[in-house]
């Protein structure tokens, strides 16, 4: 595919500067771009690379120098870049129907133009929307519902009665609706509390690979619209992940915790159970959260504290042994002074 | 299904108070319960909710107020709740036999009333007990043994010669018996130490989704009876997890470490190799364990320390920068005093 | 299989001492070994066990006492042990061809002597080398390439166009080439940045179970030859893992970070994005890395610091509350002295 720079400027709604007839056939980073490719500058830190790039054109933020390059100026060059990558490289999945070797149960409701690969399993009573794609090894248990244009990658499991919205992407090996981890202590061991709730995944959610989202004990674990969850994340039973929240890889969220909208949890964060994390709160990587976080706050550390305080505490941490030495030294010197003074008192 | 409150009291062995003829059709939390449902109070913290619940009956601990509700009094209302959830909502899995599309190898020994879904693979020489359920995508390698009433969910892998007991549940995507992580350093790289042992999972164990349990180098990695392991947990080669231990999500246990009975490891805990964790020891979430823990002790932190000590250290941690300032200030003031005193000495 | 001790000494290139005609049929640890088995002493810490072992022969380091046992002396007994385990217990996988129930797409290029188990899926245009083994539930998306003698265990997914080298082992459930976690913020949510790069896994790499390696946004995520990656590890988009690096379980490496050769990351380590970790650097378990690490350095802690410094800081950490008390006490005593001195000044 090829587009003129003018066509791309119109597509993105940006301001063209330079030769609009230049033909562009792809997108690349500043260092890798070739003459027929367009690149972008989102972070001023990389401005020096603009001078040396071979890219035939650039996406630039308002007010940036163009270094004599053909350019499209737009408010969010990074978003523009993402849209051009989509334009040049992303094709709708090929519709292949229910392929031989796919297993389809009884009372299944199929939308139009679905693709079910060999080795995918569609349980009894499943409802599939239009243009759903199920890759090999996908297992939809009894009564699952999947919305339109959703893609479930190979070896994803959706357990009994769970509901997945439209335009959802779930990457390979992730599990939606396995049993929550709940037991009642008995003298002889642990009595399993049956997990009879479900998981609801709303529209436009994306879930990485090998992530696990447990079904509710009663009721529903809910991933709200537009939330993005990375690989190897654990979401426990009865959690609610707010709309458009971002959960980075290897995070664990314990049972019944509720996240607001646009919350960000950094990689390997752990959140205790029964907490509330407010809208647009952010948590630094590897933090351990034991208390509610108010909306808009930034927390870090284990146990977590306001991010600025943590930065200072983290900076001071390597100094602790030295501080300890100083205290012992101070005690010695103070003692000497004290020994001196009562003597004087007695004068 | 419907039961009278009298029937439920008899079933649980509790003391009925109020109208035993009330008909109950299900179980719910205090806030969600309807008139035909029974709820429970296990934690006195939630006592206020009892007043406003619409539940038709309650499970209450001895001595609790009933607020004028029909009630069953019993020592462990939480356990009673779990038993009623089981009674009302859990049905034995439907027996479906070896379904078309299932793959069964040579010399397989099948118990009675097994269910093997399409896309499940049963390798040569596998032995299955009675009423085993294998969901789609389960892969049992050569020589695996699975006990009666065990359920293996979709995309579980059990590697060559591993043994899984009776009444075991393994959730989706978990892996039993992949190779332990062992290499002998060579000048040119790493020489793989073949992992020729197995994994033994005893009766009544439950394992979450996408958990990994490595086979032993020689001998066996063992998960003892009644242990409960959550999602995304790593158990390395030659570990022994003691009976009825509880291992929360995203824990990692390094090679050859032995856990006693009824040990609890909180979420995201890491345990180094070749350690012993004593019976009924507990480790707080996110802790890092580098030393043995004696039986019955509670540890937290990274590196871990007795829990009470950690609570104090954690509370003090945000104060470190301020402490450092105080020390510098103290040094300055002390120096001033010292400068003053020798002068005095010279008087 | 049986070998004489003389044959084993020749095989390993070690110095035989004692009776070379002794027949050996296997390998075991010092405590478990029987008369016909050979054991080894690699760590002098276990020397005492040599006295009590029933092993018929030993692999010993130069200069070690033999305690009257038949022995093979060699520079690296642990490596010798690994080689004997391979010799006695490891057989090449049985060649079974493309078995019934395997799914093979169009334009697939098959090497000689491949094994494709039932339920494995080989997408259109896939290229397989000689003696490749694909276990059940393996999904190779369109255009994947797999080198000779590579083994992909059950339920592994290799996404579109990714390339896996020769003699690679990938354990069950691991995912190569799922989308990197990249979004451009929009006012209404997050716009997905299509991940159109690939993953390249070079020769002799081993990857554990349920590990996830994301494809690059543009270009390639690369795992260089001989690297060993444990279970449940996350490698984000555009990372480069250097040759012969060792990455222990549950590590997370964020986007675009580059590891040198022979780097070691301990269990549950987290590494931020866009960093460089130098050749032969080592990072202690559970550490959080926010900055580059120079070649050859050993770091630990969160945030990470040089390992020796961390050891001291970790030792001092439990003392923080006590230090705080000391500081308050010092302040009080100093104040008393100060109160005393100005009075004196006024004399």
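Going through B:322, B:336 one at a time, which residue ends up being within 44 Å of the chain's Cα centre (by Cα), under 26 Å from residue A:327 (Cβ atoms) and without any contact (Cβ under 8 Å) to a residue 24 or more places away in the chain? Spell out how you get there, then give the answer.
Numbers: B:336 fails: within 44 Å of the chain's Cα centre (by Cα).
Being within 44 Å of the chain's Cα centre (by Cα), under 26 Å from residue A:327 (Cβ atoms) and without any contact (Cβ under 8 Å) to a residue 24 or more places away in the chain holds for just one of B:322, B:336, which is B:322.
Confirm whether residue C:307 is in contact with a strand residue (DSSP E or B) (Cβ under 6 Å, 6 or more places away or on another chain) and crowded, with 20+ Cβ neighbours inside 10 Å.
Values: in contact with a strand residue (DSSP E or B) (Cβ under 6 Å, 6 or more places away or on another chain): yes; crowded, with 20+ Cβ neighbours inside 10 Å: no.
Spelling it out, it is not the case that residue C:307 is in contact with a strand residue (DSSP E or B) (Cβ under 6 Å, 6 or more places away or on another chain) and crowded, with 20+ Cβ neighbours inside 10 Å.
I'd like to know if the stretch A:182-191 contains one or more residues that are touching a residue at least 24 places away in the same chain (Cβ under 8 Å) and within 20 Å of residue A:103 (Cα to Cα).
Going residue by residue through the stretch A:182-191, those that are touching a residue at least 24 places away in the same chain (Cβ under 8 Å) are A:182.
Among the residues that remain, those that are also within 20 Å of residue A:103 (Cα to Cα) are: none.
Looking through the stretch A:182-191, none of the residues is touching a residue at least 24 places away in the same chain (Cβ under 8 Å) and within 20 Å of residue A:103 (Cα to Cα).
Which of the following residues is modelled with pLDDT under 95 and assigned by TED's automatic domain parsing to the domain that holds residue A:199: A:219, A:267? It would help to see each step written out before you state the result.
Numbers: A:267 fails: modelled with pLDDT under 95.
Step by step, each of A:219, A:267 is checked, and only A:219 is modelled with pLDDT under 95 and assigned by TED's automatic domain parsing to the domain that holds residue A:199.
State yes or no: is residue A:63 touching a strand residue (DSSP E or B) at 6+ places or on another chain (Cβ under 9 Å), assigned by TED's automatic domain parsing to the domain that holds residue A:83 and at positive phi?
Details: touching a strand residue (DSSP E or B) at 6+ places or on another chain (Cβ under 9 Å): yes; assigned by TED's automatic domain parsing to the domain that holds residue A:83: yes; at positive phi: yes.
Judged against the criteria, residue A:63 is a match.
Hey, among B:312, B:335, B:325, B:286, which residue is at pLDDT 95 or above and not in a strand (DSSP E or B)? Spell out the reasoning first.
Working: B:312 fails: at pLDDT 95 or above; B:335 fails: at pLDDT 95 or above; B:325 fails: at pLDDT 95 or above.
Sole residue among the options that is at pLDDT 95 or above and not in a strand (DSSP E or B): B:286.
Is it the case, given these coordinates, that residue B:99 is touching a residue at least 12 places away in the same chain (Cβ under 8 Å), within 14 Å of chain C (Cβ to nearest Cβ) and surrounded by 13 or more Cβ atoms within 10 Å (Cβ to Cβ)?
Details: touching a residue at least 12 places away in the same chain (Cβ under 8 Å): yes; within 14 Å of chain C (Cβ to nearest Cβ): yes; surrounded by 13 or more Cβ atoms within 10 Å (Cβ to Cβ): yes.
Considered against the rule, which asks whether it is touching a residue at least 12 places away in the same chain (Cβ under 8 Å), within 14 Å of chain C (Cβ to nearest Cβ) and surrounded by 13 or more Cβ atoms within 10 Å (Cβ to Cβ), residue B:99 comes out as yes.
Quick one: count up the residues across the stretch B:84-96 that are at the interface with chain A (Cβ under 7 Å from one of its Cβ atoms) and more than 19 Å from residue A:160 (Cα to Cα). Lay out the reasoning, then the answer.
Taking the stretch B:84-96 as the starting set, the residues that turn out to be at the interface with chain A (Cβ under 7 Å from one of its Cβ atoms) are B:85-86, B:89-90.
Keeping just the survivors that are more than 19 Å from residue A:160 (Cα to Cα) gives none.
Going through the stretch B:84-96 one residue at a time, the tally reaches 0.
Filter the stretch A:289-302 down to residues that are part of a loop (DSSP other than H, G, I, E, B) and within 9 Å of chain B (Cβ to nearest Cβ) and give me whichever is surrounded by the fewest Cβ atoms within 10 Å (Cβ to Cβ).
Step one: of the stretch A:289-302, the residues part of a loop (DSSP other than H, G, I, E, B) are A:290-292, A:294-297, A:302.
Cutting the leftovers down to within 9 Å of chain B (Cβ to nearest Cβ) gives us A:290, A:302.
Working: A:290: 16, A:302: 24.
Top of the filtered list is A:290.
Within the stretch A:137-146, track down each residue that is facing another protein chain (nearest Cβ under 9 Å), without any contact (Cβ under 8 Å) to a residue 24 or more places away in the chain and part of a loop (DSSP other than H, G, I, E, B).
A:137, A:138
Residue-wise test of (1) within 21 Å of residue C:227 (Cα to Cα); (2) within 28 Å of the chain's Cα centre (by Cα); (3) more than 9 Å from every other protein chain (Cβ to nearest Cβ).
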| position | (1), (2), (3) |
| --- | --- |
| C:114 | no, yes, yes |
| C:117 | no, yes, no |
| C:135 | no, yes, no |
| C:165 | yes, yes, yes |
| C:184 | no, no, no |
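Does the stretch C:81-100 include one or more residues that are modelled with pLDDT of 95 or more, over 31 Å from the mean Cα position of the chain (by Cα), under 30 Å from residue A:116 (Cβ atoms) and assigned to a loop (DSSP other than H, G, I, E, B)?
Looking through the stretch C:81-100, at least one residue is modelled with pLDDT of 95 or more, over 31 Å from the mean Cα position of the chain (by Cα), under 30 Å from residue A:116 (Cβ atoms) and assigned to a loop (DSSP other than H, G, I, E, B).
Given the options A:197, A:219, A:189, name the one that is more than 8 Å from every other protein chain (Cβ to nearest Cβ) and surrounded by fewer than 24 Cβ atoms within 10 Å (Cβ to Cβ).
Values: A:219 fails: more than 8 Å from every other protein chain (Cβ to nearest Cβ); A:189 fails: more than 8 Å from every other protein chain (Cβ to nearest Cβ).
Answer to the check: A:197.
Pull up the stretch A:27-46, narrow it to residues that are outside any loop (DSSP other than H, G, I, E, B) and crowded, with 19+ Cβ neighbours inside 10 Å, then point me to the one that is farthest from the other protein chains (Cβ to nearest Cβ). Step through it out loud before you land on a result.
Of the stretch A:27-46, the ones outside any loop (DSSP other than H, G, I, E, B) are A:27, A:37-40, A:44-46.
Now narrow it down to the ones that are crowded, with 19+ Cβ neighbours inside 10 Å: A:27, A:37-40.
On the way: A:27: 7, A:37: 10, A:38: 12, A:39: 10, A:40: 10 Å.
Of everything passing the filter in the stretch A:27-46, A:38 is farthest from the other protein chains (Cβ to nearest Cβ).
What about residue C:177, is it at the interface with chain A (Cβ under 9 Å from one of its Cβ atoms), at pLDDT 95 or above and under 20 Å from the mean Cα position of the chain (by Cα)? Write out each step before concluding.
Working: at the interface with chain A (Cβ under 9 Å from one of its Cβ atoms): yes; at pLDDT 95 or above: yes; under 20 Å from the mean Cα position of the chain (by Cα): yes.
Against the criterion (at the interface with chain A (Cβ under 9 Å from one of its Cβ atoms), at pLDDT 95 or above and under 20 Å from the mean Cα position of the chain (by Cα)), residue C:177 qualifies.
Quick one: residue C:71 ticks every box in (1) at pLDDT 95 or above; (2) within 27 Å of residue B:187 (Cα to Cα); (3) surrounded by fewer than 21 Cβ atoms within 10 Å (Cβ to Cβ) bar one, so which box is it?
Every listed condition holds for residue C:71 apart from (3).
Here is a list: A:107, A:131. Which entry is assigned to a loop (DSSP other than H, G, I, E, B) and surrounded by fewer than 17 Cβ atoms within 10 Å (Cβ to Cβ)? Working first, answer last.
Working: A:131 fails: surrounded by fewer than 17 Cβ atoms within 10 Å (Cβ to Cβ).
Of A:107, A:131, the one residue that is assigned to a loop (DSSP other than H, G, I, E, B) and surrounded by fewer than 17 Cβ atoms within 10 Å (Cβ to Cβ) is A:107.
Out of (1) over 27 Å from the mean Cα position of the chain (by Cα); (2) modelled with pLDDT under 95, the odd one out for residue A:110 is which?
Residue A:110 satisfies every listed condition except (2).
With the requirement that a residue be in contact with a helix residue (DSSP H, G or I) (Cβ under 8 Å, 6 or more places away or on another chain), closer than 12 Å to residue A:318 by Cβ and at the interface with another protein chain (Cβ under 7 Å from one of its Cβ atoms), what does the stretch C:303-321 give you? Lay out the reasoning, then the answer.
Step one: list which residues in the stretch C:303-321 are in contact with a helix residue (DSSP H, G or I) (Cβ under 8 Å, 6 or more places away or on another chain), which gives C:303-305, C:309-310, C:312-313, C:315-321.
Pick out the ones that are also closer than 12 Å to residue A:318 by Cβ and you get C:303-305, C:309-310, C:312-313, C:316-317.
The answer is C:303, C:305, C:309, C:312, C:313, C:316, C:317.
The values are calculated or read from the model by the stated rules, or taken from the named source; none is laboratory data. Just so it is clear, the structure is predicted and the values come from calculations on it, not from any experiment. Virtual Cβ from ideal backbone geometry, glycine too; neighbours counted across all protein chains shown.
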